[in-house]
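Accompanying notes for the structure given below.
The values are calculated or read from the model by the stated rules, or taken from the named source; none is laboratory data. Just so it is clear, the structure is predicted and the values come from calculations on it, not from any experiment. A quick note on method: Cβ atoms are made from the backbone with ideal geometry, for glycine too, and the neighbour counts reach across all protein chains shown.
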Amino acid sequence: MEQECNCCHKTKQRSPEEYSSLINRLSRIEGQIRGIRGMVEKDAYCADILTQVAAASAALNAFTKELLASHIKTCVADDIRAGRDGTVDELVALLQKLMR
């Protein structure tokens, strides 16, 4: 189940449970986005669309939190134990991007 990232050379071996959880969350988010598009195509009321956008945004934030927690508990912790201190700098840069 190793998935290669399109943005970098690193990969992450995920447990079947983690993989399934992340994919299920993304599938729900994808459905929400398709629903929002449908609302726009059907000229739905702006406030109704904005409510759905807020829900999709919250779902994406929940996905981000789950993935970040997993990253810190596995990738970052493993690298620190192995003496790869550059991972801390990488995590700091990542957190700065996420907090923009």
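Values for this structure:
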item: Total residues in the stretch 62-90, condition more than 21 Å from Ser15 (Cβ to Cβ) and not basic (Lys, Arg); result: 6
item: Residue identified as surrounded by fewer than 13 Cβ atoms within 10 Å (Cβ to Cβ) and modelled with pLDDT under 95 among Cys8, Cys46, Cys75; result: Cys8
item: Test result for Asp89, out of contact with any Pro (no Cβ under 9 Å at 6 or more places or on another chain), in a helix (DSSP H, G or I) and loosely packed, with under 14 Cβ neighbours inside 10 Å; result: yes
item: Scope the stretch 61-70; condition surrounded by 15 or more Cβ atoms within 10 Å (Cβ to Cβ) and either touching a helix residue (DSSP H, G or I) at 6+ places or on another chain (Cβ under 6 Å) or in contact (Cβ under 8 Å) with a residue 40 or more places away in the chain (or both); matching residues; result: Phe63, Leu67, Ser70
item: For Gln52: the one exception among (1) of a type in the set (S, T, N, Q); (2) under 19 Å from Gln32 (Cα atoms); (3) surrounded by fewer than 12 Cβ atoms within 10 Å (Cβ to Cβ); result: (3)
